[in-house]
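In what follows, a single structure is set out as structure tokens and then discussed.
The values are calculated or read from the model by the stated rules, or taken from the named source; none is laboratory data. Since this is a predicted model, take the numbers as computed values, not measurements. FYI the Cβ positions are ideal-geometry reconstructions off the backbone, even for glycines, and counts take in every protein chain you see.
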Amino acid sequence: MRAFGRRYLVPFHPKRVPHHFTDVLIIGGGLAGLRAALAIDPKLQTLVITKLALQQSNSQYAQGGIAGVMDPEDNFANHVADTIRAGGDLCDEAIVELVVREAPRRIQELIGWGARFDLESGSLALGREGGHSHDRIVHALGDATGREVMRAVIEKTAGLRNVDNWSDTFTLDLLTHEGVVRGALVWNLKHGKTLVWAKQTILCTGGAGQLYRETTNPDVATGDGHAMAYRAGAELRDMEFMQFHPTVLYIAGSSRNLITEAMRGEGAYLVDRAGKRFMFEYDERGELAPRDVVSQSIVLQMEKTRHPNVYLDLSHLDAERVRKRFPGIAACCAEFGIDITRDRIPVRPGAHYMMGGVTVDDHGRTTLPGLWAAGEVTSSGLHGANRLASNSLLEGLVFGAHAGEGASAAALQIDDDFRVPLIENAPQEQAADLLDIVDIRNSLKSLMWHSVGVRRELAGLSDAEETIGRWCGYVLNRQLTTSAGWELQNMLTIARLMVDAALRRQESRGTHLRLDFPELDNAHWRKHIVFQREG
Ligand code: SIN
């Protein structure tokens, strides 16, 4: 694909903006970012930059838990096999093996830092989710694992004297000089635009679910890290693979809350409007098939029954256990008059997790010198074409640690008086600003949902390509001045790559279901689609 959009979103001149110096810059403060911060040598000054408060990340909202072999009845080979099977033949087996083997140590590390996971008879309570052959999901506060894990790592990092956090700070772009990443251009209300120079930079900006009208992701998940890495020239891959979580609360007026897969792990049924349990018609694993299968089956069943949603039914389970295991969901549903122990919960799929991202190796090293990355912004090879449930916090922990260790070692090799290159981005002729940013954002989310959603085909994808290309034409070259505008530019950049990749992949694999190419085609497509901006 030809390069599109400008290299930097906004103009800047080194003589007219403040400069800040740090040893290691971490962009993003979810689990991967904070785990990276915890791996940096205490001699190195580390700055964590977050778009909003530290608590506003996808990690914070994770419900299910962290997958890991913690039970003698289970073993690494099972977890590896489940991950690869769910991943639609596109996982990197060596990476899967590495992550799975590290899982128990990373979970124990969290416990050592004060994370309180749920216990049963004094041992870790292990849940089951779709695609897992054994109970191996550690969880906390019933259905609020992310909240508890983030509490523990935020407290742990707060105690580190070498780690500072700038919250409410928008990272506009990575600074590159002669192909090397040298920090980032950021903006906040207090200082305006600032050049943050760093010996090493780690990208941990999370996902891009906000590109879709229906999503479990918080407002911050607009693919900023994917877009800035693309503009800087890093390699991105697997952009066609967006995971749709099967069960997102669907009630007019409610936010699209995730209804954890752990409910199905506890025995909840998926039923249609007539009360019929339908999953076994699609897959022998029933409700516990991997997410791609369940989401695609739900959409078919919604079509068959001409109904906008299906339902989760827990009425046959022990009511007291259900309330104890899922207190957050029980409270949320109760606000809409639904008693989850008795009433059916209306659900349908929504965009949940971006498998595609910045290519990293096993150390979290990207293709750009000076840039490391971890978590949802990356494509590490762990998830393939469809992530196995509860492998994402795990990936954040493992790759956060690796990227932190790698960046730390590299920063220690660089002298303190490293020269700051003279980078500037000249202002452009500015057209009169008539853009309704909210309108384009909403239109984009709708278009992505309808044309690049659970089911795709040539006509819809071509239409999306043309429309997004037109929007890019008049949005990407503008010098916008608000975070809403920069987010829109990032979302359009990423949407364009996602549509391009979805059009190219003429087969169905994992979360990428092409109605016009319904078969898996290993002979031609057992490979990655890779993007790298020219120049
Ligand atoms: C869930 O609780 O269903 C989400 C967990 C995950 O995305 O792995």
Inside segment 248-292, can you point out the residues that are in a strand (DSSP E or B) and either touching a Ser or Thr at 6+ places or on another chain (Cβ under 8 Å) or among the aliphatic types (A, V, I, L, M) (or both)? VAL248, LEU249, LEU258, LEU270, VAL271
Mind listing just one residue for me: the one in segment 304-340 that is in a helix (DSSP H, G or I), of a type in the set (Lys, Arg) and surrounded by fewer than 14 Cβ atoms within 10 Å (Cβ to Cβ) and, of those, nearest to the chain's Cα centre (by Cα)? LYS324
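Of the residues ARG264, ARG273, ARG231, ARG237, which is away from the ligand (no atom under 16 Å from the Cβ), over 30 Å from GLY370 (Cα atoms) and at pLDDT 95 or above?
On the way: ARG264 fails: away from the ligand (no atom under 16 Å from the Cβ); ARG231 fails: over 30 Å from GLY370 (Cα atoms); ARG237 fails: over 30 Å from GLY370 (Cα atoms).
One residue alone meets the criteria, ARG273.
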Among the residues of segment 473-509, how many are within 24 Å of the chain's Cα centre (by Cα), surrounded by fewer than 18 Cβ atoms within 10 Å (Cβ to Cβ) and more than 25 Å from GLN243 (Cβ to Cβ)? 2
Given (1) farther than 20 Å from PRO518 by Cα; (2) out of contact with any Phe, Trp or Tyr (no Cβ under 8 Å at 6 or more places or on another chain), identify the lone condition not met by ASP283. (1)
Search result, residues across segment 1-45 that are farther than 28 Å from ALA409 by Cα, in contact (Cβ under 8 Å) with a residue 24 or more places away in the chain and more than 28 Å from the chain's Cα centre (by Cα): PRO11, PHE12, HIS13, PRO14, VAL17
Only residues in segment 132-154 that are farther than 20 Å from GLU287 by Cα and away from the ligand (no atom under 15 Å from the Cβ) count as the first member; pair them with residues that are assigned to a loop (DSSP other than H, G, I, E, B) and modelled with pLDDT under 95, Cβ under 6 angstrom, at least 6 apart or cross-chain, and list the lot. ILE154/LEU54
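If you go through segment 93-106 one residue at a time, do you hit one that is part of a loop (DSSP other than H, G, I, E, B), basic (Lys, Arg) and touching a residue at least 24 places away in the same chain (Cβ under 8 Å)?
Initial filter on segment 93-106 (part of a loop (DSSP other than H, G, I, E, B)): none.
No, segment 93-106 contains no residue that is part of a loop (DSSP other than H, G, I, E, B), basic (Lys, Arg) and touching a residue at least 24 places away in the same chain (Cβ under 8 Å).
Give the residue that is farthest from MET263 (Cα to Cα), with candidates limited to residues of segment 284-303 that are surrounded by fewer than 16 Cβ atoms within 10 Å (Cβ to Cβ) and in contact (Cβ under 8 Å) with a residue 12 or more places away in the chain.
Taking segment 284-303 first, the residues surrounded by fewer than 16 Cβ atoms within 10 Å (Cβ to Cβ) are 284-285, 300, 303.
Among the residues that remain, those that are also in contact (Cβ under 8 Å) with a residue 12 or more places away in the chain are: 285, 300.
Values: ARG285: 15, LEU300: 21 Å.
The selected residue is LEU300.
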Give me a count of the residues in segment 66-82 that are out of contact with any Gly (no Cβ under 6 Å at 6 or more places or on another chain) and within 16 Å of the ligand (Cβ to nearest atom). 4
Could you pull out the residue among GLY364, GLY375 that is under 14 Å from PHE399 (Cβ atoms), touching a helix residue (DSSP H, G or I) at 6+ places or on another chain (Cβ under 8 Å) and within 15 Å of the ligand (Cβ to nearest atom)? GLY375
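Quick one: which residue in GLU120, GLU129 is closer than 16 Å to ASN391 by Cβ and of a type in the set (Asp, Glu)?
Values: GLU120 fails: closer than 16 Å to ASN391 by Cβ.
Being closer than 16 Å to ASN391 by Cβ and of a type in the set (Asp, Glu) holds for just one of GLU120, GLU129, which is GLU129.
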In segment 9-63, residues that are within 16 Å of the ligand (Cβ to nearest atom) and either basic (Lys, Arg) or assigned to a loop (DSSP other than H, G, I, E, B) (or both) total 4
Which one is nearest to the chain's Cα centre (by Cα), of the residues in segment 46-63 that are crowded, with 24+ Cβ neighbours inside 10 Å and under 18 Å from ARG116 (Cβ atoms)? SER59
In segment 213-228, the residues that are in a loop (DSSP other than H, G, I, E, B), away from the ligand (no atom under 15 Å from the Cβ), under 28 Å from LEU25 (Cβ atoms) and not β-branched (Val, Ile, Thr): ASP219, GLY223
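If you take the residues in segment 385-397 that are more than 14 Å from VAL149 (Cβ to Cβ) and not charged (D, E, K, R), which one is nearest to the ligand (Cβ to nearest atom)?
Step one: filter segment 385-397 for residues more than 14 Å from VAL149 (Cβ to Cβ), giving 385-389, 391.
With the extra rule that they be not charged (D, E, K, R), the set shrinks to 385-386, 388-389, 391.
Values: ALA385: 16, ASN386: 11, LEU388: 8, ALA389: 4, ASN391: 7 Å.
Within segment 385-397, the match that is nearest to the ligand (Cβ to nearest atom) is ALA389.
Residues to consider are SER443, SER380; find the one that is within 13 Å of the chain's Cα centre (by Cα) and either within 16 Å of the ligand (Cβ to nearest atom) or among the polar types (S, T, N, Q) (or both). Give the steps one after another, and end with the answer.
Details: SER443 fails: within 13 Å of the chain's Cα centre (by Cα).
Every option except SER380 fails the conditions.
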How do the pairs read when you match residues in segment 494-508 that are modelled with pLDDT under 95 with residues anywhere that are surrounded by 24 or more Cβ atoms within 10 Å (Cβ to Cβ), using Cβ under 6 Å and keeping only pairs 6 or more apart or on different chains? none
Among the listed residues ASP433, ASP361, identify the single one that is in a loop (DSSP other than H, G, I, E, B) and modelled with pLDDT of 95 or more. ASP361
